[in-house]
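K.L.:
Questions regarding the structure given below will be posed in turn.
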Ligand code: UD1
């Protein structure tokens, strides 16, 4: 298992090019199962989860051709589609579940393993009840046998009005793609409106789908007969961009971060402003300078979009450890997403956690230590902390980082971090 050896502290300066959004690309790739015609996807991030999704599509009979150093892919249907999504492919990546609905929508059957992915919710795991109950409302029937969901439908899925009991990014994406080829109209209310959901509806509309946002959280999908040949470029990754914005703020750095839309992280940028970071925002880039002294943020509460993103919570926690004064974070999306706390404490952080609230003392000077990644965004947070720590840190289990950050050590090295990968 690879590790990062990081010597700190470093001040990060220079240009960073943000990769395509992993969380946009994954549902879009799953949605290619709905097409008879070829689809070209550009600006794919070269990260492990994307490889896993492409392998999953291949196992389902899609033909995959790569171009441009694997950043562009052409996906076409073969004569032998398959309906079996195996545990070996879904166990590492939760988004794999998103093939279930498209398979049933297109072929009226599927056998799909329960998915894995980051453990963010303690013992409650990461359920898919919202996905399954909403798909049932579209006419899908299923049975669970030995960890697999055996699903089928009698003919096409049928449009329906569905109100999600709670907001879920994955369930919203899953239902949108499952309803695209259905009979009649589907109306999804209490939907997620994350930029990655809007990106999916943009992609499907470019391919001839009939999807409209008819209310703030209400999405209307009128079924179409088929989708047409499409060439689509994935937007820049707002979570990767937000991670580099924190990196600049944390290290008194000066970064030009290019290739994403800063409006997609405007909530988080407002918090960075409170810490003293200064920035200039352009259409597709941001120039950000870190303060000499990081001011505290009284309270961060993670919420659904436009709220503060849970995927930037661990990185902001690192920043708050170094801020002058006490701060707190309430995690509302994944109630026990605090696995990074114990590792930050090894670097000297003073944090206490009760239920879904963390209190952060601030004024911490991190000292390098051996630390271990527990999940994707936690691993990015630990890397940032190690860059700002005095001395050498060794971050283990960086395979978590590789699932979602493209070439993170190359990008960090280019802007002044002393980071090395060892196997
Ligand atoms: C997606 C993102 C992830 C991000 C999360 C929240 C991808 C690949 N992943 O994950 O990076 O952290 O959105 O912004 O895009 N829930 C249920 N039942 C369900 C589904 C979800 O109870 O059937 C719960 C979850 O446990 C969680 C909450 O709903 O507490 C939100 O999860 P959800 O929005 O579905 O997250 P994902 O789509 O899994």
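K.L.:
I want to confirm something. Restricting to the range 171-195 and keeping residues that are within 13 Å of the ligand (Cβ to nearest atom) and either more than 16 Å from residue 32 (Cα to Cα) or modelled with pLDDT under 95 (or both), which single residue is surrounded by the fewest Cβ atoms within 10 Å (Cβ to Cβ)?
P.N.:
Result: 190.
K.L.:
Now, a different point. Within the range 265-284, is there a residue that is at pLDDT below 95 and either in the same structural domain as residue 378 (by TED's automatic domain parsing) or within 16 Å of the ligand (Cβ to nearest atom) (or both)?
P.N.:
Taking the range 265-284 and keeping what is at pLDDT below 95, we get 283.
The next check asks that each one be either in the same structural domain as residue 378 (by TED's automatic domain parsing) or within 16 Å of the ligand (Cβ to nearest atom) (or both); those that pass are 283.
Checked against the condition, which is being at pLDDT below 95 and either in the same structural domain as residue 378 (by TED's automatic domain parsing) or within 16 Å of the ligand (Cβ to nearest atom) (or both), the range 265-284 yields at least one hit.
K.L.:
So, one more: Tell me yes or no: at least one residue of the range 390-399 is in the same structural domain as residue 250 (by TED's automatic domain parsing), assigned to a strand (DSSP E or B), free of Cβ contacts under 8 Å to residues at least 24 places away in the same chain and farther than 28 Å from residue 44 by Cβ. Don't jump to the end; show me each part of the working.
P.N.:
Step one: of the range 390-399, the residues in the same structural domain as residue 250 (by TED's automatic domain parsing) are 390-399.
Filter once more, keeping what is assigned to a strand (DSSP E or B): 390-396.
With the extra rule that they be free of Cβ contacts under 8 Å to residues at least 24 places away in the same chain, the set shrinks to none.
No, because not a single residue in the range 390-399 is in the same structural domain as residue 250 (by TED's automatic domain parsing), assigned to a strand (DSSP E or B), free of Cβ contacts under 8 Å to residues at least 24 places away in the same chain and farther than 28 Å from residue 44 by Cβ.
K.L.:
While we're on this one: So residue 377 passes all but one of these: (1) in contact (Cβ under 8 Å) with a residue 60 or more places away in the chain; (2) more than 24 Å from residue 304 (Cβ to Cβ). Which condition number does it fail?
P.N.:
(2)
K.L.:
May I ask you to list the residues in the range 87-129 that are modelled with pLDDT of 95 or more and part of a loop (DSSP other than H, G, I, E, B)?
P.N.:
108
K.L.:
So residue 420 passes all but one of these: (1) modelled with pLDDT of 95 or more; (2) surrounded by 15 or more Cβ atoms within 10 Å (Cβ to Cβ); (3) farther than 23 Å from residue 277 by Cα. Which condition number does it fail?
P.N.:
(2)
K.L.:
Would you list the strands (runs of 3 or more DSSP E) that sit entirely within the range 1-47 and hold 3 or more residues that are within 27 Å of residue 181 (Cα to Cα) and either at pLDDT 95 or above or more than 14 Å from the chain's Cα centre (by Cα) (or both)? Outline the logic, then answer.
P.N.:
Working: elements: 3-8, 13-17, 39-42.
Per the criteria, 39-42.
K.L.:
Another one. Mind listing whichever residues of the range 361-378 are more than 17 Å from the chain's Cα centre (by Cα), outside any loop (DSSP other than H, G, I, E, B) and surrounded by 22 or more Cβ atoms within 10 Å (Cβ to Cβ)? Give the derivation first.
P.N.:
Of the residues in the range 361-378, the ones more than 17 Å from the chain's Cα centre (by Cα) are 361-372.
Within this subset, residues satisfying the condition of being outside any loop (DSSP other than H, G, I, E, B) are 367, 370-372.
The answer is 371, and nothing else.
K.L.:
Right, next: On the given criteria, is residue 389 more than 17 Å from the chain's Cα centre (by Cα) and within 25 Å of residue 254 (Cα to Cα)? Can you show your working first?
P.N.:
Numbers: more than 17 Å from the chain's Cα centre (by Cα): yes; within 25 Å of residue 254 (Cα to Cα): yes.
So residue 389 fits the description; yes.
K.L.:
Being within 16 Å of the ligand (Cβ to nearest atom), at negative phi and in contact with a helix residue (DSSP H, G or I) (Cβ under 6 Å, 6 or more places away or on another chain), is that true of even one residue in the range 65-84? Let's see the steps before the verdict.
P.N.:
Just the residues of the range 65-84 that are within 16 Å of the ligand (Cβ to nearest atom), to begin with: none.
No: the range 65-84 contains no residue that is within 16 Å of the ligand (Cβ to nearest atom), at negative phi and in contact with a helix residue (DSSP H, G or I) (Cβ under 6 Å, 6 or more places away or on another chain).
K.L.:
Then there's this: Given 352, 328, which one is more than 20 Å from residue 379 (Cβ to Cβ), more than 16 Å from the ligand (Cβ to nearest atom), under 24 Å from the mean Cα position of the chain (by Cα) and modelled with pLDDT of 95 or more? Talk me through it step by step, then tell me what you get.
P.N.:
Details: 352 fails: under 24 Å from the mean Cα position of the chain (by Cα).
None of the other options fit; the residue is 328.
K.L.:
Inside the range 23-56, can you point out the residues that are within 16 Å of the ligand (Cβ to nearest atom) and within 21 Å of residue 256 (Cα to Cα)?
P.N.:
Passing the criteria: only 45.
K.L.:
If you don't mind, there's one more thing I want to ask. Only one of these is in contact with a helix residue (DSSP H, G or I) (Cβ under 6 Å, 6 or more places away or on another chain) and within 16 Å of the ligand (Cβ to nearest atom): 113, 133. Name it. Full working, then the answer.
P.N.:
On the way: 133 fails: in contact with a helix residue (DSSP H, G or I) (Cβ under 6 Å, 6 or more places away or on another chain).
From the options 113, 133, the qualifying one is 113.
K.L.:
Right, another one. Can you name the number of the only condition in (1) touching a strand residue (DSSP E or B) at 6+ places or on another chain (Cβ under 9 Å); (2) in a helix (DSSP H, G or I) that residue 318 fails?
P.N.:
All conditions are met except number (1).
K.L.:
All but one of (1) within 25 Å of the chain's Cα centre (by Cα); (2) at pLDDT 95 or above; (3) assigned to a loop (DSSP other than H, G, I, E, B) hold for residue 336; which doesn't?
P.N.:
With respect to (1) within 25 Å of the chain's Cα centre (by Cα); (2) at pLDDT 95 or above; (3) assigned to a loop (DSSP other than H, G, I, E, B), residue 336 is out only on (2).
K.L.:
I need the full set of residues from the range 275-296 which are free of Cβ contacts under 8 Å to residues at least 40 places away in the same chain and buried (at least 16 other Cβ atoms within 10 Å of the Cβ), in order please. Quick ask: steps written out before the conclusion?
P.N.:
Narrowing the range 275-296 to residues free of Cβ contacts under 8 Å to residues at least 40 places away in the same chain: 276-283, 285, 287, 293, 295.
Scanning the range 275-296 gives 276, 277, 279, 285, 287.
K.L.:
A follow-up question, please. Within the range 85-98, which residues are within 13 Å of the ligand (Cβ to nearest atom) and either touching a helix residue (DSSP H, G or I) at 6+ places or on another chain (Cβ under 6 Å) or more than 18 Å from residue 144 (Cβ to Cβ) (or both)?
P.N.:
Taking the range 85-98 first, the residues within 13 Å of the ligand (Cβ to nearest atom) are 90, 92-98.
Selection gives 90, 92, 93, 95, 96, 98.
The values are calculated or read from the model by the stated rules, or taken from the named source; none is laboratory data. Keep in mind it's a predicted model, so treat the numbers as computed, not measured. Every residue, glycine among them, receives a Cβ derived from its backbone with ideal geometry; neighbour counts consider all protein chains shown.
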